[in-house]
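The values are calculated or read from the model by the stated rules, or taken from the named source; none is laboratory data. Since we're looking at a predicted model, the values are computed, not measured. Ideal geometry is used to build each Cβ from the backbone, glycine not excepted, and the neighbour counts take in all protein chains shown. When the accessible area is computed, the model is the full protein with side chains, heavy atoms only, and any ligands, DNA or RNA have been set aside. Shrake-Rupley method; radii C 1.70, N 1.55, O 1.52, S 1.80 Å.
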Amino acid sequence: MAETFPPPATARPTMIDVARRAGVGLGTVSRVVNGGHGVRDETAQRVRTAIDELGFQRNEVARALRPGKKSSSLALVLGDLTNPFYASIAKASLEVAGQSGFAVVLGSVDEDPEGEKRAIQELVSRQVAGLMIVPDQGDHSFLAGAGVPVVFVDRPATGIDADIVMVDNEGGGRLATEHLLEQGHRRIAILLAPSYYTTGRRLRGYRRAHRAADVDVDESLVVQLPEGNAEAAEKATREVMLRPDPPTAIFASTNFLTEGVLRALRELDREPAVVGFDDFRLADMLPTPVTVVASDIAELGRSAARLLLDRASGADTRPPQRIVLPCALIQRGSGERTRDSAAKRKSR
């Protein structure tokens, strides 16, 4: 007799699911679930009906909070914490929040729109005082009814007008490319992580620098990677450097991609000029230290936390702000190789 198994459990319904079923905003569901006021009886009944139909259960942490109790927690939703970029943002925001007596609840979601929505729903259910989010590429209009202030970090979101703290990605891309052009390079490859707002703006800077120097871009050297990791960059670097007419310089648009570029070049025994975007540990300790375009990543976290605290306390009631932090070029050696020196190394 064949053994039978129960069907797999479905995902637990979220407040977002309740909001969709009831045809209301996320903030309305939160107020009904947490016993808040300001919701019409008819609307509240629609929400309760949707809750019953879906079998929604409130998070136990939120259940322990008294209705109306002011939260002393902020929430931070960001990508993979093994990435030093996100770890720096988290550490800095924790420090600023702690100085004001606030805790920070972390949610880590790596480019997963549905996962991000679930994480935000869970954090809103805990009645946090505000949200800091490194957004994915989905629609964030659902946050308009969240009922808490929101600050986006590193990239803007779609579907909502909110505060944003970010790096001057386009300016940094232009800085890197201008520097390579000044060393005489005319065939500059750029490696790009897939479809991210930040790397898209860095590509804009790359193109602007070429136009300003009256140098045509060889589109075959604009390399869009299938994944934004070192392995993909290593493979792409091998392929581009083994062409009959390889580039004499490479601009890697993230620190992970720079790592992959360096691995491939060591294996191939090639020395084109290299400039990376974002600094990384030991970049200055390599046999040829790596030239990078860098920004103050910790300041991203600090600025976002300060702005969110001001919004949560009511001290800042201005329209949504756009804070852009500058980039700087750190010359260490790899980006100062000239076109002639790269060509000589290739011919050896």
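Estimated at 0.36 nm per residue, the fully extended path between E239 and R266 surpasses their Cα-Cα distance by 8.3 nm.
The angle between the Cα long axis of helix 230-241 and the longest principal axis of the Cα atoms of the chain comes to about 30 degrees, rounded to the nearest 10.
Mean projected area of the convex hull spanned by the Cα atoms of the stretch 202-348, taken over all viewing directions: 11.2 nm².
Apolar share of the accessible surface for the chain: 50 percent from carbon plus sulfur atoms, 1.4 Å probe.
With no solvent and one point on each alpha carbon, what is the Debye value of log10 I(q)/I(0) for the chain at q = 0.12, 0.14 Å⁻¹? Ignoring solvent entirely, the Cα scatterers give -0.87, -1.05.
Modelled spin-label separation between E114 and A213, with each label point placed 7 Å from Cα along the Cα-to-Cβ direction: 4.5 nm. Largest GNM mean-square fluctuation among E170, E114, E299, using the chain with Cα springs under 10 Å: E114.
Using R0 = 45 Å, the C-beta based FRET efficiency linking M285 and Q45 works out to 0.10.
Counted residue by residue at 0.36 nm each, then reduced by the alpha carbon distance between them, the extension gain from D161 to E53 reaches 35.6 nm. Its Cα centre serving as origin, the stretch 188-296 has a Cβ charge dipole (Lys and Arg +1, Asp and Glu -1) of approximately 260 debye.
Note on the stretch 143-191: Cα-Cα pairs beyond 16 Å make up 57% of the total pair count.
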